[in-house]
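Novice: Below is one structure. I have some questions about it.
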Amino acid sequence: MSIAAPILLTPGPLTTSARTRQAMMVDWGSWDDRFNQLTASLCEQLLAIINGAATHHCVPLQGSGTFAVEAAIGTLVPRDGKVLVLINGAYGKRLAKICEVLGRTFSTFETAEDEPTTAADVDRLLRADADITHVALIHCETSTGILNPLPEIAEVIAQHGKRLIIDAMSSFGALPVDAQHIPFDALIAASGKCLEGVPGMGFVFARKESLASAAGNSHSLAMDLYDQHTYMAKTGQWRFTPPTHVVAALHEALLQYNEEGGLPARHKRYVANCQALMEEMGKLGLRSFLPAAIQAPIIATFHAPKDPRYAFKDFYERVKAKGYILYPGKLTQVETFRVGCIGYVQPAEMREAVAAIAEVLREMEVLEI
Ligand SMILES: Cc1ncc(COP(=O)(O)O)c(C=O)c1O
């Protein structure tokens, strides 16, 4: 494995392979047939990951992940719709903020950051409010790494005849979702996460009938997925300047994804990364914020050491000097830091990263963990 230094142990951008970075060494014209074929092939491969070709369109969109989430809500929720937003972290709160900014009526249901939303909660909430048309859920809430029970929640939503929008940004490609078994109107992800591409584009898997009836819903020209899809279906081209190098890198990353063994292999490697991380951190006495049962193998949150000599910024810089980039915590109540398990890294690198953390804690004379 040849890895560019430093190793990013973050939820994205993350460590990519040399082969993926190499794919960006070519310039592509946006009108070029070969580039259009690359986009078409990309969408086809992405749809295959969720077994969605029969029921969903893949609509790529320029920008970071939030652009795609905002576009999905703006396009697929009619202006007179009402969204129930399920929250247990910062990205759930962002969903609610998007609804607010877009002027969509919404209600929220918030649980603690270490408490998954349950299907029973959703059932109760939908019984209590018949105006709700859509439910928005974060699959893996990256602010902690907590996994919400998507299959059970999706089933309840379908029983109520409501529509589901899933932010699967940090889980897509690593945690299985089969569009033929889990009913959803939209599932949103991006290039620079578990597929190990570079950041710069998102994509939305939109149910074909829902997208077909979404003309005129969007508040925005650039973020209108109905228009984006219609234009692309007609011309094979992106509506506005495409992120050519990002597309090429993602295409190359997908070839490697399939060579590795697709989703089962990616999932297995991330689980092994997460286990190696937990084991080694445990040996140092560093405690995981989440219990193992609700921890997704994507990113782990650790309680910061109690020792007054610990300060995240200093800790971060020292670990960085040893070649590893960590991530700050995102919790309001407790001081934490996070370590990503995703990207072009293996369990051996996770163990080396923890060895670097151990050395840094010794250097900082952090004794009380
Ligand atoms: C769950 C989730 N939603 C959305 C996003 C999108 O964030 P950004 O716009 O910074 O790519 C992320 C990024 O990490 C995420 O983890």
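Novice: Give the number of residues within region 212-243 that are touching a His at 6+ places or on another chain (Cβ under 8 Å) and assigned to a loop (DSSP other than H, G, I, E, B).
Specialist: Here the count works out to 0.
Novice: Then there is this: Determine which member of the set Leu47, Leu86 is more than 16 Å from the ligand (Cβ to nearest atom), among the hydrophobic types (A, V, I, L, M, F, W, C) and within 18 Å of His139 (Cβ to Cβ).
Specialist: None of the other options fit; the residue is Leu47.
Novice: Name the pairs: first residue in region 133-160 and of a type in the set (D, E, K, R), second residue open to solvent by 10 Å² or more (accessible area, probe 1.4 Å) and within 16 Å of the ligand (Cβ to nearest atom), Cβ to Cβ under 7 Å, at least 6 apart or on different chains?
Specialist: That search, which allows pairs on different chains as well, returns Glu141/Tyr91.
Novice: Related question: For the structure I just gave you, tell me whether Tyr310 is out of contact with any helix residue (DSSP H, G or I) (no Cβ under 6 Å at 6 or more places or on another chain) and over 29 Å from Ser17 (Cβ atoms).
Specialist: When the stated conditions are applied, Tyr310 passes them.
Novice: Given the structure, is Ile357 in contact with a Pro (Cβ under 7 Å, 6 or more places away or on another chain) and at pLDDT 95 or above?
Specialist: No; evaluated as a whole, the condition is false for this residue.
Novice: Next question, about the same structure. Given the conditions (1) surrounded by 16 or more Cβ atoms within 10 Å (Cβ to Cβ); (2) farther than 21 Å from Ala136 by Cα; (3) within 16 Å of the ligand (Cβ to nearest atom), report the number of the one that Phe203 does not fulfil.
Specialist: So the condition that Phe203 fails would be (2).
Novice: Right, another one. Mind checking whether some residue in region 340-356 is open to solvent by 10 Å² or more (accessible area, probe 1.4 Å), of a type in the set (A, V, I, L, M) and not in a helix (DSSP H, G or I)?
Specialist: No, the conditions are met nowhere in region 340-356.
Novice: Among the numbered criteria (1) closer than 27 Å to Leu225 by Cα; (2) out of contact with any His (no Cβ under 6 Å at 6 or more places or on another chain); (3) in contact (Cβ under 8 Å) with a residue 24 or more places away in the chain, which one does Val83 miss?
Specialist: Against the list (1) closer than 27 Å to Leu225 by Cα; (2) out of contact with any His (no Cβ under 6 Å at 6 or more places or on another chain); (3) in contact (Cβ under 8 Å) with a residue 24 or more places away in the chain, Val83 comes up short only on (2).
Novice: Sticking with this one: Please name all residue pairs, on different chains or six or more residues apart, with Cβ atoms under 7 Å, provided the first residue is in region 313-340 and is at positive phi and the second residue is part of a loop (DSSP other than H, G, I, E, B) and among the small types (Gly, Ala, Ser).
Specialist: Gly323/Ala5
Novice: Which residues, taken from region 232-245, are in contact with a helix residue (DSSP H, G or I) (Cβ under 8 Å, 6 or more places away or on another chain) and open to solvent by less than 50 Å² (accessible area, probe 1.4 Å)?
Specialist: Of everything in region 232-245, those that are in contact with a helix residue (DSSP H, G or I) (Cβ under 8 Å, 6 or more places away or on another chain) and open to solvent by less than 50 Å² (accessible area, probe 1.4 Å) turn out to be Met232, Gly236, Gln237, Trp238, Arg239, Pro242, Thr244.
Novice: Can you tell me how many residues in region 126-149 are assigned to a loop (DSSP other than H, G, I, E, B), open to solvent by less than 20 Å² (accessible area, probe 1.4 Å) and of a type outside the set (A, V, I, L, M, F, W, C)?
Specialist: 6
Novice: Residues being of a type outside the set (A, V, I, L, M, F, W, C), under 24 Å from Leu164 (Cβ atoms) and open to solvent by less than 20 Å² (accessible area, probe 1.4 Å): count how many of those fall in region 26-57.
Specialist: Residues that pass the stated criteria total 2.
Novice: Taking Met232 as meeting all but one of (1) touching a Pro at 6+ places or on another chain (Cβ under 9 Å); (2) free of Cβ contacts under 8 Å to residues at least 24 places away in the same chain; (3) among the aliphatic types (A, V, I, L, M), write down the number of the exception.
Specialist: (2)
Novice: Let me ask you something else. Can you go through Ser41, Ser107 and tell me which one is in contact with a strand residue (DSSP E or B) (Cβ under 8 Å, 6 or more places away or on another chain), among the small types (Gly, Ala, Ser) and either outside any strand (DSSP E or B) or over 17 Å from Asp185 (Cβ atoms) (or both)?
Specialist: So the residue among Ser41, Ser107 that is in contact with a strand residue (DSSP E or B) (Cβ under 8 Å, 6 or more places away or on another chain), among the small types (Gly, Ala, Ser) and either outside any strand (DSSP E or B) or over 17 Å from Asp185 (Cβ atoms) (or both) is Ser107.
Novice: For Thr75, are the conditions met, namely being hydroxyl-bearing (Ser, Thr, Tyr), within 30 Å of Phe240 (Cα to Cα) and open to solvent by 10 Å² or more (accessible area, probe 1.4 Å)?
Specialist: So Thr75 does not fit the description; no.
Novice: Follow-up. If I filter region 292-299 for residues that are under 28 Å from Ser17 (Cβ atoms), open to solvent by less than 30 Å² (accessible area, probe 1.4 Å) and more than 23 Å from the chain's Cα centre (by Cα), do I get at least one hit?
Specialist: Checking region 292-299: not a single residue is under 28 Å from Ser17 (Cβ atoms), open to solvent by less than 30 Å² (accessible area, probe 1.4 Å) and more than 23 Å from the chain's Cα centre (by Cα).
Novice: Please go through region 357-369 and pick out each residue that is assigned to a helix (DSSP H, G or I), of a type in the set (D, E, K, R) and touching a residue at least 40 places away in the same chain (Cβ under 8 Å).
Specialist: Across region 357-369, the qualifying residue is only Glu363.
Novice: Tell me, which residue of region 150-192 that is open to solvent by 40 Å² or more (accessible area, probe 1.4 Å) and part of a loop (DSSP other than H, G, I, E, B) is nearest to the ligand (Cβ to nearest atom)?
Specialist: The qualifying residue nearest to the ligand (Cβ to nearest atom) is Pro176.
The values are calculated or read from the model by the stated rules, or taken from the named source; none is laboratory data. Since we're looking at a predicted model, the values are computed, not measured. All Cβ positions, glycine included, derive from the backbone under ideal geometry; neighbour counts span all protein chains shown. For accessibility, only protein heavy atoms count, side chains too; no ligands or nucleic acids. Shrake-Rupley method; radii C 1.70, N 1.55, O 1.52, S 1.80 Å.
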